Amino acid sequence: MMLARTADNLYWIARYMERAENLARTLRVTDRLSLMPSSTDTEGNEWHSTVIVSGSEEGFYEKYDEATPENVISYLAFDPENPSSIRSCIETARRNARAVRTALTTEQWECLNSAWLELPRWNETRVRGSGLHRFLDWVKDCSLLFTGGTVATMLRRDSYYFTRLGTFIERSDNTARIMDVKYHVLLPEHAEVGGGIDYYQWASILRAVSGYRSYHAVYREGLKPWLIAEFIVMREEMPRSLISCAAEIKDCLDRLGEEYGQRHECHRIAGQMYSRLRFGKVEDVFRQGLHEFLSEHIETNDRLGLEISRSYLLG
Amino acid sequence: MAQAIFDEMGGPGSEVRQAYRKLQEWLEETPVDILTLRHEEAETFFRRIGITFAVYGEGGDPERIIPFDIIPRIIEAAEWRFVSEGLVQRVRALNAFIADIYGAQEILRAGVIPRDQVLLNETYRYQMQGVSVPENVYTHIAGIDMVRVGADEFYVLEDNCRTPSGVSYMLENRELTMRLFPDLFSRYNVAPVDHYCDELMRTLISVAPRNCQGEPTVAVLTPGIHNSAYYEHSFLADQMGVELVEGPDLYVMDDIVYMRTTQGPKRVDVIYRRVDDEFLDPLTFRPDSILGVAGLMNAYRAGNLNLTNAVGAGIADDKAIYTYVPKMVEFYLGEQPILKNVPTWRCSEKDDAAYVIEHMAELVVKEVHGSGGYGMLVGPKATKQEVEDFAARVKAAPEKYIAQPTLALSTCPTFVNEGVAPRHVDLRPFILSGKKIKVVPGGLTRVAMREGSLVVNSSQGGGTKDTWVLKD
């Protein structure tokens, strides 16, 4: 048992850190992609798609007319007015952390506090050129340190499961978005799936989820969109896949259910979400349409998040 | 009052005092750049851990760290025994006084303290009249500010019976000196302080409300992260292993206080509150307060909740009431006060006020309700204009002021830009009162970092030191 506000804060700290990490991953891949020769005919496209991945399309185009690299980096990495910018994510996570100091381990707190202390040293000027990669790597490191610190130091009880839920609900959403937008936006209007798809673009999806090398370890063949989709949606050994997230969410909720001796609507949704991925077939996903499938997943995931809040976090 | 400044180490030209000899040796053998390095490490440590506090009414960095001076202050066992006995006696008397004020008011009837001084006081809470509190304890955590002016001369400067802060610094400072200077630390036999939080928890449990069933549930109530002492609130909750709650986490139903948890409502029995009286319960005090909990006072009166420190304990912090504490010791305990008060002029009395206005440039003048070094005048350090302005304020509302001679506060060796130099210090020991009274050896030493300055308050740029009480 713990304060509902504390649980809520832990959950959101983890969500914000995970969001910052996925944004950094996406930006890194985008930057890489924009250097590729293939990008000349779809110039600027990948920066626009990154804005969509981040879910901040509306806010961005209110402020800017064009998705130039400078604009996108400024808005997604540093803009304090964008509540999901990397800066905002780290600041919010640290503010929440300060409010629940007692529930965090020293390692977790120090990681968030150091990130926050270091943050003002990064700005648009400093990330020009090779500085961008250093910055994005740093963001990723902060998040990995936080998640690693969580696993390595936090007592296995409710507070831990709420923190982990935040990580996986956010990752489940982010992975689906990365997949969806790359699929949808990068594809020239009428290109066939599995047909003339640019190698780099598919590779970029894998890279964004740290799956480029592991894909090869699992499949031992060249990049095939079909397999990539299966890998990221349905392979449980892939730690950022949708099914891995669903399994972790289900597990955390089961533990909470045991600890508290009570189950809620969120348990049912989580079970359903996991089963669908566990017993589904990738053919069906493509038959339904990958985009439709992913949109539905994102929606279910949202609903799950709301139910978790309703059952535990509002008090 | 000794006029020459007493240096606790011995000062230049005079012999180094016994307790400081090993420190002196150590200072001599440690190069300045090592001290500088350790000083920087200390700063990084505070920042990284997030031990910060906010200074009100200024722009700039909202999370500031209090300067930590790396050179410890050392108090000998015999000196501490004397101080500690005096503190226990004083706090017993203060608790008896507050209980009396909200009870039979014997001390007023006996004419020892003028009735108006208490009953018309801003910090007197009529809502507490006739409310009985567990063990008759009102100030469970007291911080008594003391200064030293000579080898055997200690004075109490003020009593903090309401919500004294600073204990987290006492604990973190010790943590830090042990980490930075293990070699120096091991040369001394220093009395530990790290059991403070266990003692605090025991104290809180020992004053569970009369209707509490089973093991009491304790929580620390904070105004939130914007409060200047937020770090301390979270530190204490953490060390005690209890919840750190804010007003909105609590609600009252049928005169019982509950906190909102992930498993629904959970009853709370003892609240160590760091929210001021006026903000505790919008139904009883300020109706616009969002820091408190509606109905809290009803639960308190019904014996379903205990609040530490008790509502209304601030009456004893009043600087005019302070002047009567030695009389309280005699009145309630029938003992002679061990610790002396600083001679004080009460401007509410005509002769005193006249004297104060005449001699303002030599005196320290304070608001009776002021704290944190705000609203005070240090005569000898003030400009002519400042003295005149302050005199006008005193004339306009004399009852709001008291004055004291400018004390020659003792100095301790302190690491500053110029190297190691003497700086003025005071001491705030913490006294815990529940079923028993406990004093953890030492306390928080505050140090004025500027040369010659007598203002040690952290809000005025003061720093802190680790305070070592030696064991026999």
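Working only within region A:201-243, note down all residues that are of a type in the set (Ser, Thr, Tyr), open to solvent by less than 10 Å² (accessible area, probe 1.4 Å) and under 22 Å from A:Asn301 (Cα atoms). Can you show your working first?
Of region A:201-243, the ones of a type in the set (Ser, Thr, Tyr) are A:204, A:210, A:212, A:214-215, A:219, A:241.
Among the residues that remain, those that are also open to solvent by less than 10 Å² (accessible area, probe 1.4 Å) are: A:204, A:215, A:241.
Correct list: A:Ser241 only.
Residues that are assigned to a helix (DSSP H, G or I) and touching a strand residue (DSSP E or B) at 6+ places or on another chain (Cβ under 6 Å) are absent from region A:121-142.
Evaluation of B:Leu291 against the conditions (1) in contact with a Gly (Cβ under 9 Å, 6 or more places away or on another chain); (2) surrounded by 17 or more Cβ atoms within 10 Å (Cβ to Cβ); (3) closer than 19 Å to B:Gln129 by Cα shows that the sole unmet condition is (3). Looking for something surrounded by fewer than 19 Cβ atoms within 10 Å (Cβ to Cβ), more than 30 Å from B:Ser84 (Cα to Cα) and among the acidic types (Asp, Glu) - is there at least one such residue anywhere in region B:327-344? Scanning region B:327-344 turns up no residue that is surrounded by fewer than 19 Cβ atoms within 10 Å (Cβ to Cβ), more than 30 Å from B:Ser84 (Cα to Cα) and among the acidic types (Asp, Glu). You will find that of A:Leu76, A:Leu33, A:Leu27, the residue that is modelled with pLDDT of 95 or more and touching a helix residue (DSSP H, G or I) at 6+ places or on another chain (Cβ under 7 Å) is A:Leu76 and no other. Any residue at all in region B:16-23 that's within 14 Å of chain A (Cβ to nearest Cβ), at pLDDT below 95, touching a helix residue (DSSP H, G or I) at 6+ places or on another chain (Cβ under 7 Å) and not in a helix (DSSP H, G or I)? No, region B:16-23 contains no residue that is within 14 Å of chain A (Cβ to nearest Cβ), at pLDDT below 95, touching a helix residue (DSSP H, G or I) at 6+ places or on another chain (Cβ under 7 Å) and not in a helix (DSSP H, G or I).
Name, by its number, the condition in (1) surrounded by fewer than 18 Cβ atoms within 10 Å (Cβ to Cβ); (2) more than 14 Å from chain B (Cβ to nearest Cβ); (3) hydrophobic (A, V, I, L, M, F, W, C) that does not hold for A:Val51. Exception for A:Val51: condition (1). Reported count of residues in region B:194-228, each being part of a loop (DSSP other than H, G, I, E, B), crowded, with 22+ Cβ neighbours inside 10 Å and in contact (Cβ under 8 Å) with a residue 60 or more places away in the chain, is 1. Within region A:240-296, being within 14 Å of chain B (Cβ to nearest Cβ) and free of Cβ contacts under 8 Å to residues at least 40 places away in the same chain holds for A:Gly257, A:Glu258, A:Gly261, A:Gln262, A:Arg263.
Would you be able to say whether some residue in region B:185-194 is more than 13 Å from chain A (Cβ to nearest Cβ) and in contact with a Gly (Cβ under 8 Å, 6 or more places away or on another chain)?
Yes, region B:185-194 contains at least one residue that is more than 13 Å from chain A (Cβ to nearest Cβ) and in contact with a Gly (Cβ under 8 Å, 6 or more places away or on another chain).
Residues in region B:254-268 that are touching a strand residue (DSSP E or B) at 6+ places or on another chain (Cβ under 8 Å) and over 19 Å from A:Arg101 (Cα atoms) were compared, and the one that is farthest from the other protein chains (Cβ to nearest Cβ) is B:Ile256.
Kindly list, by first and then second residue, each pair from a residue in region B:75-92 that is more than 15 Å from B:Val325 (Cβ to Cβ) and open to solvent by less than 30 Å² (accessible area, probe 1.4 Å) to a residue that is outside any helix (DSSP H, G or I) and acidic (Asp, Glu), limited to pairs with Cβ atoms under 6 Å and residues at least 6 apart or on different chains. Close Cβ pairs (under 6 Å, with a partner that is outside any helix (DSSP H, G or I) and acidic (Asp, Glu)) amount to B:Ala77/B:Asp472. The single condition among (1) within 14 Å of chain A (Cβ to nearest Cβ); (2) open to solvent by less than 10 Å² (accessible area, probe 1.4 Å); (3) touching a residue at least 12 places away in the same chain (Cβ under 8 Å) that B:Glu243 does not satisfy is (2). The number of residues in region A:119-177 being among the charged types (D, E, K, R) and either touching a Cys at 6+ places or on another chain (Cβ under 7 Å) or closer than 20 Å to A:Leu3 by Cα (or both) comes to 5.
Does A:Ala67 satisfy the criteria of being away from chain B (no Cβ under 14 Å), open to solvent by less than 30 Å² (accessible area, probe 1.4 Å) and assigned to a loop (DSSP other than H, G, I, E, B)?
On the way: away from chain B (no Cβ under 14 Å): yes; open to solvent by less than 30 Å² (accessible area, probe 1.4 Å): yes; assigned to a loop (DSSP other than H, G, I, E, B): yes.
For A:Ala67, the condition - away from chain B (no Cβ under 14 Å), open to solvent by less than 30 Å² (accessible area, probe 1.4 Å) and assigned to a loop (DSSP other than H, G, I, E, B) - is met.
Could you list all residues from region B:107-131 that are free of Cβ contacts under 8 Å to residues at least 60 places away in the same chain and out of contact with any Pro (no Cβ under 9 Å at 6 or more places or on another chain)? Explain how you work it out, then say what you get.
The first filter runs over region B:107-131 and keeps only residues free of Cβ contacts under 8 Å to residues at least 60 places away in the same chain, leaving B:108-109, B:111, B:114-116, B:119-120, B:126, B:129-130.
If the condition is that a residue be free of Cβ contacts under 8 Å to residues at least 60 places away in the same chain and out of contact with any Pro (no Cβ under 9 Å at 6 or more places or on another chain), then B:Arg109, B:Gly111, B:Pro114, B:Arg115, B:Asp116, B:Leu119, B:Leu120, B:Tyr126, B:Gln129, B:Gly130 are the ones that fit.
For (1) modelled with pLDDT of 90 or more; (2) surrounded by fewer than 23 Cβ atoms within 10 Å (Cβ to Cβ), each residue gets a yes or a no:
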| residue | (1), (2) |
| --- | --- |
| B:Gly373 | no, yes |
| B:Gln385 | yes, yes |
| B:Lys395 | yes, yes |
| B:Asn457 | no, yes |
| B:Thr467 | yes, no |
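Scanning for something of a type in the set (Lys, Arg), outside any loop (DSSP other than H, G, I, E, B), surrounded by fewer than 16 Cβ atoms within 10 Å (Cβ to Cβ) and out of contact with any helix residue (DSSP H, G or I) (no Cβ under 6 Å at 6 or more places or on another chain), does region B:426-440 turn up at least one residue?
Step one: list which residues in region B:426-440 are of a type in the set (Lys, Arg), which gives B:428, B:435-436, B:438.
After this cut, where a residue has to be outside any loop (DSSP other than H, G, I, E, B) as well, the list is B:428, B:438.
If we keep only those that are surrounded by fewer than 16 Cβ atoms within 10 Å (Cβ to Cβ) too, we end up with none.
No; the residues of region B:426-440 include none that is of a type in the set (Lys, Arg), outside any loop (DSSP other than H, G, I, E, B), surrounded by fewer than 16 Cβ atoms within 10 Å (Cβ to Cβ) and out of contact with any helix residue (DSSP H, G or I) (no Cβ under 6 Å at 6 or more places or on another chain).
Annotation note: of A:Arg19, A:Arg101, the sole residue that is touching a Ser or Thr at 6+ places or on another chain (Cβ under 9 Å), surrounded by 18 or more Cβ atoms within 10 Å (Cβ to Cβ) and within 14 Å of chain B (Cβ to nearest Cβ) is A:Arg101.
Taking the conditions exactly as written (open to solvent by 20 Å² or more (accessible area, probe 1.4 Å) and modelled with pLDDT of 75 or more), does B:Arg64 satisfy them or not? No, not satisfied.
Selection of region A:82-98 for residues being surrounded by 22 or more Cβ atoms within 10 Å (Cβ to Cβ) and farther than 19 Å from A:Ala7 by Cα yields A:Ser85, A:Ile86.
Regarding A:Glu81, is this residue over 26 Å from B:Glu232 (Cα atoms), in contact (Cβ under 8 Å) with a residue 12 or more places away in the chain and more than 19 Å from the chain's Cα centre (by Cα)? Yes: the conditions hold for A:Glu81.
How many residues are among the β-branched types (Val, Ile, Thr) and farther than 22 Å from A:Cys111 by Cβ when one looks only at region A:126-140? I'd like the intermediate steps shown before the answer.
Taking region A:126-140 and keeping what is among the β-branched types (Val, Ile, Thr), we get A:127, A:139.
From what's left, farther than 22 Å from A:Cys111 by Cβ: none.
Selection size over region A:126-140: 0.
Is there a residue in region A:70-84 that is within 14 Å of another protein chain (Cβ to nearest Cβ), assigned to a helix (DSSP H, G or I), farther than 20 Å from A:Thr167 by Cβ and among the β-branched types (Val, Ile, Thr)? Talk me through it step by step, then tell me what you get.
Here is the first cut: in region A:70-84, the residues within 14 Å of another protein chain (Cβ to nearest Cβ) are none.
No; the residues of region A:70-84 include none that is within 14 Å of another protein chain (Cβ to nearest Cβ), assigned to a helix (DSSP H, G or I), farther than 20 Å from A:Thr167 by Cβ and among the β-branched types (Val, Ile, Thr).
How about region B:323-337: which of its residues are charged (D, E, K, R) and free of Cβ contacts under 8 Å to residues at least 24 places away in the same chain?
Across region B:323-337, the qualifying residue is only B:Glu330.
Per the conditions (1) in contact with a strand residue (DSSP E or B) (Cβ under 9 Å, 6 or more places away or on another chain); (2) in contact (Cβ under 8 Å) with a residue 24 or more places away in the chain; (3) within 14 Å of chain A (Cβ to nearest Cβ), the sole criterion not satisfied by B:Arg273 is (3).
The set of residues in region B:106-122 being over 16 Å from B:Gly334 (Cα atoms) and either open to solvent by less than 30 Å² (accessible area, probe 1.4 Å) or not in a loop (DSSP other than H, G, I, E, B) (or both) consists of B:Leu108, B:Arg109, B:Ile113, B:Arg115, B:Asp116, B:Gln117, B:Val118, B:Leu119, B:Asn121.
The values are calculated or read from the model by the stated rules, or taken from the named source; none is laboratory data. Everything numeric in this text was worked out from a predicted model, so none of it was measured. In this analysis, Cβ positions are derived from the backbone assuming ideal geometry, glycine residues included, and neighbour counts consider all displayed protein chains. What goes into the accessible areas is simple: the full protein's heavy atoms, side chains included, and nothing from ligands, DNA or RNA. Shrake-Rupley method; radii C 1.70, N 1.55, O 1.52, S 1.80 Å.
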